[in-house]
1. With a cut-off of at least 1 residues that are buried (at least 21 other Cβ atoms within 10 Å of the Cβ) and of a type in the set (S, T, N, Q), name the strands (runs of 3 or more DSSP E) lying wholly within the range 46-158.
2. Checking the condition in contact (Cβ under 8 Å) with a residue 60 or more places away in the chain and closer than 22 Å to residue 130 by Cβ, which residue from 36, 45 passes?
3. Given the structure, is residue 142 of a type in the set (S, T, N, Q) and under 19 Å from the mean Cα position of the chain (by Cα)?
4. Pairs only if they're at least six apart or on different chains, beta carbon under 9 angstrom, first in the range 152-181 and at pLDDT 80 or above, second loosely packed, with under 15 Cβ neighbours inside 10 Å and among the hydrophobic types (A, V, I, L, M, F, W, C); list them, first residue then second.
5. Give the range 182-198 a look and list any residue that's open to solvent by 100 Å² or more (accessible area, probe 1.4 Å), at pLDDT below 95 and not in a loop (DSSP other than H, G, I, E, B), or say none.
Amino acid sequence: MDFEEFFIKNKNDYSKMKERLSNIFILNQSMPNQVFRKEYNGFLFGEYHGMYEEEFWNGLQILARKSGDKYILLAELENDYNERMKRYEWAKIPVDLSYENYLDILNAEPLENIYIGLVDYSCKLVFTSPSLQWGIWGERDQELYVFACKENVKSQFKESPLPDALQLNEALDYIYAVYHDKEAAKSFCEKLLENYKN
């Protein structure tokens with residue numbers, strides 16, 4: 001299977017997808033600021049590196065099927081154009097792909113005899129699906145991702161399929177545990193609490 005076919009290569013397609021993503025995400029923001037548009041809530045959190053696990057991919061598939069979508073949009077917001085591969089680090093991933101294929105897409109960059117990719121160098125990864133009923137925003141620097149869904153479909157996503165999903169208070173405990181600088185942790189948590197109360 002040629003995984004390159006799932007990536008966006010055309011600038012016009014990239015612009016259209018960026019415009020679509022801006023309907024759910026505030027693309028120029030970072031946590032602990034609010035990264036979702038105001039009609040999204042039901043926030044849940046998880047560990048950034050958990051986004052590469054099989055359980056997470058299974059959760060994405062469930063979310064996309066619940067929202068009636070056939071593919072998942074993936075975008076790397078910080079390093080969005082890959083000069084060497086001549087493509088954007090944005091992809092449309094079919095919902096029926098296996099976990100192994102999902103991982104191959106995240107590592108779809110051959111370099112000599114090894115493969116590297118978003119698993120190695122992504123900074124900000126977002127996931128959603130075409131209907132924009134739900135979204136996930138992840139930041140490597142914060143070692144955290146946040147899930148949200150539209151207010152009018154919240155009951156549909158009440159039982160989260162995401163592995164080890166954390167409520168806000170649990171996410172605050174996690175941040176205090178992983179931050180070495182406790183003052184920075186305190187400041188981050190205060191802002192997160194202010195911006196992500198359900």
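The values are calculated or read from the model by the stated rules, or taken from the named source; none is laboratory data. What you are looking at is a predicted structure, and each value in this text was computed from that prediction instead of being measured. Glycine also receives a Cβ, built like all others from the backbone with ideal geometry; neighbour counts cover every protein chain displayed. The area values use the complete protein model at the heavy-atom level, side chains included, leaving out ligands, DNA and RNA. Shrake-Rupley method; radii C 1.70, N 1.55, O 1.52, S 1.80 Å.
1. Fully inside the range 46-158 and qualifying: 124-128.
2. That would be 36, the only listed residue that is in contact (Cβ under 8 Å) with a residue 60 or more places away in the chain and closer than 22 Å to residue 130 by Cβ.
3. Criteria met by residue 142.
4. 168/193; 169/193; 172/193
5. 182, 183
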